[in-house]
Amino acid sequence: MSHGYQFVGWNRQKKLYDLTLLGAVLSYLLLFIVGSIVLHPDAVIDMIILRALGTCAFVLLHVILAIGPLARLDRRWLPLLYNRRHMGVTMFTLALLHGLLSLLTYHGFGDTHPLVSLFTSNTRYDSLSQFPFQPLGFFALILLFLMAATSHDFWLATLTPPIWKTLHMGVYVAYGLLLGHVGFGFLQTETHPALFGLLAAGCLTLLALHLAAAGKETKLDTQDGFQQDGEGYLKLCEVLEIPNNRGRMFFVGGDRIAVFRYDGRVSAISNACQHQNGPLGEGRVIDGLVTCPWHGFQYDPATGASPPPFTEKVPTFNLKVLNGSVWVHPNPNPPGTYVNPGLVEEPGHA
Amino acid sequence: MFEQLVNWIFVAVGGYLALGLGFAVVFVLRGVRELDPTARERASVGFRLAILPASTVFWPLLLRRWLSGQHEPPEECSPHRCAACSASCEQKDVV
Ligand code: HEM
Ligand code: FES
């Protein structure tokens, strides 16, 4: 834990990324607002801004939800994946402004407190066409707030990754609530039917991407039935099936391991990066160190330990190379335990 | 009736968050350095502000840890980590 919270913070690529994000958001808002004023000169400006902010947040949420499966299907999306948190915070900010403006416009002028009025001004909870869609947006906003507020690494460490991840799975609940918020909202405002089509298209695209990515994951996690020798070693693959300075992932010992070939040697370590469980098997060996594809934490493949002064460690696995095949023992060694790398035999001599 | 219920819920949540904000201010100024090794090394103003909102929400958790005198966040246990160190894992506060 000594990389420091600043480590993952700022570099040139990230600044460029944040500027692009900001530029895209501002262009969208500007286009939406100017376009609406031109097309509907008599529309109220509050309403236009309110809609611009709401739709921008909702579109951004689609992008955020699409990145995860896209990165699993094609590694070229990875840079977007690990910069996703700034996108999430931006999306929350837009949604918050939309929510505040709505509260002010629709509930800010009565005797009841705006938040109470949000829940009580329309109580047709038994109606489909008049369903109170605004509370759905409110609950989604609460979830988005919890995720944005805990997006800092401090919270990942403090809440622990399993709880943090469960909390951040709430994004799917928020998305469901927002489908209701937007869908029921469309029913109650004069809306072009094409917008329902757009809503459905967005939802179906996300569903298809997630199903496709899930199909790929299950294939990896059910890789069972490896050949086993007398000492319990499992035959995973041929050495030459692992690209040089790269890894391959297998499901061994109840979780994924990553097997690397580098410098004529082969080593196996647990696949989950200690930072945020990034997939080490998708990383590269750079200067003899396994480098996590997400934020670049590094590990010595033979020991599973980060080079000093860093203190991160992952479990290692005993391994041998026989006749060009990689055999790995499924019992993990304590994190940071040195294991003799297997030696890659030159093709041709047995 | 319904309106009163909604009103009470907001009063209760508001009270919880008001207490939380009071705690959070003290926590980001003092407590965070005791609880978290990385923050001990370096805690910028930006960092303190960034963790303030969620400290307002999760204050009972932070308060409990602060009072218990823990100086590290609990360690995560993946299947591999647990299998490798099941003995030492049981002694630590592991999730
Ligand atoms: C307190 C929370 C919220 C309130 C009070 C609220 C209120 C509203 C209202 C009144 C409308 C209808 C505007 C119209 O007449 O066209 C609306 C539409 C919409 N809202 Fe929200 N909202 C909230 C949260 C959210 C959140 C968190 C999101 C998304 C991230 C969101 C996305 C949208 C979208 C996409 C529309 C459709 C815009 C349109 O009709 O063209 N809202 N919301
Ligand atoms: S998950 Fe962040 S560096 Fe590996």
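Quick note: the coordinates plus some simple rules give every number you see, no bench work behind them. The model shown is predicted, which means the values in this text are computed figures rather than measured ones. Cβ sites come from the backbone with ideal geometry, for glycine too, and all protein chains shown count toward neighbours.
Output the relative contact order of chain A, whole-number percent, from Cα pairs under 8 angstrom with separation of 6+ residues.
Relative contact order comes out at 12 percent.
List every residue whose amide H lies under 5 Å from the amide H of A:Asn318, counting only residues 5 or more places away in sequence or on a different chain, with H placed 1.01 Å from N in the peptide plane.
The answer is A:His329, A:Asn333.
Taking other Cβ within 10 Å of each residue's Cβ, how do A:Ile45, B:Ile9 sort, fewest first?
A:Ile45, B:Ile9
Which ³J(HN,Hα) values in Hz, rounded to whole numbers, follow from the phi angles of the stretch A:251-262 under the Karplus curve 6.51 cos²θ - 1.76 cosθ + 1.60, where θ = phi - 60° and Gly and Pro get x?
Working through the residues one at a time gives 9, 9, x, x, 7, 8, 10, 10, 10, 10, 10, 7 Hz.
So what's the back-of-envelope 222 nm ellipticity for chain A, counting only DSSP H runs of four-plus at -39500 (n - 2.57) apiece and dividing by all residues, rounded to 500?
-17000 deg cm²/dmol
Using a basic spin-label model with each label point 7 Å from the Cα along Cα→Cβ, how many nm lie between A:Tyr172 and A:Asp263?
The answer from the label model is 4.2 nm.
What spacing in nm lies between the two simple spin-label points modelled at B:Leu61 and A:Arg284, each 7 Å away from Cα in the Cβ direction?
It works out to 3.6 nm between the two label points.
Which cross-chain or sequence-distant (5 or more) residues have an amide H under 5 Å from the amide H of A:Gly278, H modelled 1.01 Å from N in plane?
Sorted by chain and number, the residues that satisfy this are A:Cys273.
Mind running the shape call on the stretch A:145-216? Use the C-alpha gyration tensor, a ≥ b ≥ c as the square roots of the eigenvalues: rounded below 1.5 for a/c, prolate if a/b tops b/c, oblate otherwise.
oblate
Specify the residue with the greatest mean-square fluctuation among A:Phe260, A:Phe145, A:Phe186, computed from a Gaussian network of chain A linking alpha-carbon atoms under 10 Å apart.
Maximum among the listed residues: A:Phe186.
Rounded to the nearest 10 degrees, what's the angle between the helix A:161-188 long axis and the longest principal axis of chain A, both from Cα atoms, 0 to 90?
So the helix axis and the longest Cα principal axis differ by about 30 degrees.
Can you compute 3J(HN,Hα) from phi for each residue in the stretch A:39-45, using the Karplus curve 6.51 cos²θ - 1.76 cosθ + 1.60 with θ = phi - 60°, rounded to whole Hz and x for Gly and Pro?
6, 10, x, 9, 6, 6, 5
Rounded to the nearest 0.05, what FRET efficiency do B:Val26 and A:Ala208 give with R0 = 60 Å and r taken as the Cβ-Cβ distance? Could you check?
The pair B:Val26/A:Ala208 has a calculated efficiency of 0.80.
Rounded to whole Å and ordered largest first, report the semi-axes of the equivalent ellipsoid of chain A derived from its Cα gyration tensor (root of 5λ).
Calculated on Cα positions only, the semi-axes equal 50, 20, 19 Å.
Within the stretch A:12-221, count lysine pairs with alpha carbon atoms under 27 angstrom apart where the residues are 8 or more positions apart or belong to different chains.
Pairs that pass both the separation and distance tests number 4.
Give me the one-decimal nm value for the distance between modelled label points at A:Thr93 and B:Leu5, 7 Å along each residue's Cα-to-Cβ direction.
Using points 7 Å along Cα→Cβ, the separation is 3.8 nm.
Please check chain A for the longest run free of GluC sites (Glu not before Pro) that are loop-located per DSSP (anything but H, G, I, E, B) and have at most 14 other Cβ atoms within 10 Å.
Answer from the scan: A:1-189.
In sequence order, what are the phi-derived ³J(HN,Hα) couplings for the stretch A:285-297 according to the Karplus relation 6.51 cos²θ - 1.76 cosθ + 1.60 with θ = phi - 60°, rounded to whole Hz, with x for glycine and proline?
Going residue by residue, I get 8, 10, 6, x, 10, 5, 10, 4, x, 7, 10, x, 4 Hz, with x marking Gly and Pro.
Can you grab the distance from the C-alpha centre of the stretch A:57-126 to the C-alpha centre of the stretch A:174-215, Å, no decimals?
14 Å
Give me the net charge for the shell around A:His168: Cβ to Cβ below 12 angstrom, other residues only, Lys and Arg +1, Asp and Glu -1.
Computed value for this residue: +3.
Which FRET efficiency value, to the nearest 0.05, is calculated for A:Asp42 and B:Ser68 with the Förster distance at 60 angstrom and r the Cβ-Cβ distance?
Using R0 = 60 Å, I get an efficiency of 0.45.
Using only the Cα atoms of the stretch A:12-221, build the gyration tensor, take square roots of its eigenvalues as a ≥ b ≥ c, and label the shape rounded, prolate or oblate: rounded if a/c is under 1.5, else prolate if a/b is larger than b/c, else oblate.
prolate
For A:Leu199 and A:Gln227 in the same chain, what is the full-extension length gain: residue separation times 0.36 nm, less their Cα-Cα distance, in nm?
5.2 nm is the gain from fully extending A:Leu199 to A:Gln227.
What is the stretch A:227-343 by shape, rounded, prolate or oblate, if you read a ≥ b ≥ c off the alpha carbon gyration tensor as root eigenvalues and call it rounded for a/c under 1.5, prolate for a/b larger than b/c, and oblate otherwise?
prolate
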